[in-house]
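To start, the structure under review is shown below, and the notes come after it.
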Amino acid sequence: MAEFFSNYGLFLLKTLTAVLAIIIVVFAITMLSMRSRKSQATGHIEIRKINEHVDSMKEALTFSSLDIGQHKEALKEKKAAEKLERKKNKAEAKKARKEKKEKENNSTEVSRDKRVFVMNFDGDIRASDVDKLREEVSAVLTTATETDEVVVKLESGGGMVTSYGLGASQLKRVVDKNIPLTVCVDKVAASGGYMMACVADKVLAAPFAMIGSIGVVAQIPNVHRLLKKHDVDFELITAGKYKRTLTVFGENTPEGREKFAEDMENIHELFKSHVSDHRNDLDIESVATGEVWFGQDALERKLIDGISTSDEYLMGLCDEHDVLEVKYKERKPLSERFSFGLQMAAEGAVSKLLNRLYNARYEIG
């Protein structure tokens, strides 16, 4: 019996070793494959027709209110309408090809219906969505003309100056092509978020959206006294008088603080100039105080051009135009997707906890 278990254990060990070796080989091949793909395109553009989404919602609600007989009749009408639509599309496609050929022969412009391209920007402190935004803008600019419109649904409380400056520059590419640009804000466009929004030809905000915060903020801890208390020296060697003005570990000087404040003021002036260039009618000195305003107050101060949610605005456009949502989907490696999943799970848990603590004030025991 002992010999049996000994042989079985040896067999099991060999099997586990073989399985482990296979896993290592597969993992190595996968890693090499991922590395080879880095030089290739990492993402692609996806288009969703919002009109179809609106029609499907309308259809679902309409059908749900019908009895069996009415439902069958509605289905027949739907099939007949779809057949007619296919014929219409076929005829329009044939007409478009004919007009295109005539345009090439006669070198004359052919009028066509307006299209609306929709993009989303959800900003964090680093404005990470700028990487996707630049791809989406580039894609739209390959086909959009002055008769079309670009709508950006923007949400951001601001962040790094350089990152949001780049985001504003991406939106300015649309304006520079004389393509109408509308920014819709449902919740917040403050600081860097407003730096981007003000570039648009038209800014719309929901009634309780927070707008403004035209200011600059920086904060930095300093543990020099703590280190000194424990006899810890920190050496900071720089070349250039203002290479480091304020530091975390070194001793900050009045001169350094003054220079840091001066730099902040310069950035603020640059921010004010940027807003003034794109919104000529507002009184920049009265709104560049770092304050935020809600919808109606922001409208009175000419920070925005109208009160509307993005849903209301887009639904109105769907009645007359093709509304196309443009999204850049990035291909992420398995390891990055796994870490992102863990991050989202942790953020979700913290968010739920904070939400429960917040709502506990209104619970009745």
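Throughout, read-outs are computed from the coordinates displayed, never taken from laboratory work. Computed from a prediction, not measured in an experiment: that's the story for all the values here. Using ideal geometry, Cβ is built from the backbone for each residue, glycine included, and neighbour counts are taken over all protein chains shown.
Table for the structure above
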{"item": "Loop-located GluC sites (Glu not before Pro) in segment 292-334 whose Cβ has at most 16 other Cβ within 10 Å (DSSP)", "result": "GLU320"}
{"item": "Gained length - PHE234 relative to SER64, 0.36 nm times residue gap less alpha-carbon distance", "result": "54.0 nm"}
{"item": "Net charge, GLU255 excluded, C-beta distance under 15 Å - Lys, Arg +1, Asp, Glu -1", "result": "+1"}
{"item": "Contour excess over end-to-end distance, with Cα ends at LEU166 and VAL223 and 0.36 nm allotted per residue", "result": "17.2 nm"}
{"item": "Cα-derived Rg to Rh of segment 220-281, Kirkwood definition", "result": "1.21"}
{"item": "Highest-first arrangement of 217-229, 164-176, where packing means the average Cβ count within 10 Å", "result": "164-176, 217-229"}
{"item": "When each of LYS58/LYS172; LYS177/LYS327; LYS202/LYS329; LYS187/LYS329 is checked by Cα-Cα distance, pairs over 29 Å", "result": "LYS58/LYS172"}
{"item": "Most to least packed among 144-152, 191-199, 47-55 [average Cβ atoms within 10 Å]", "result": "191-199, 144-152, 47-55"}
{"item": "Relative contact order [Cα under 8 Å, 6+ residues apart], segment 215-269, whole percent", "result": "41 percent"}
{"item": "Rounded FRET efficiency, nearest 0.05, which uses the C-beta distance separating ARG301 from ASP277 and R0 of 22 Å", "result": "0.80"}
{"item": "Cβ-defined net charge surrounding HIS268, 12 Å radius [Lys, Arg +1; Asp, Glu -1]", "result": "-4"}
{"item": "Between segment 146-192 and segment 252-322, the Cα center-to-center distance that results, in Å", "result": "12 Å"}
{"item": "Extended-chain gain in nm, criterion 0.36 nm per residue less alpha-carbon gap, HIS268 and GLU291", "result": "6.9 nm"}
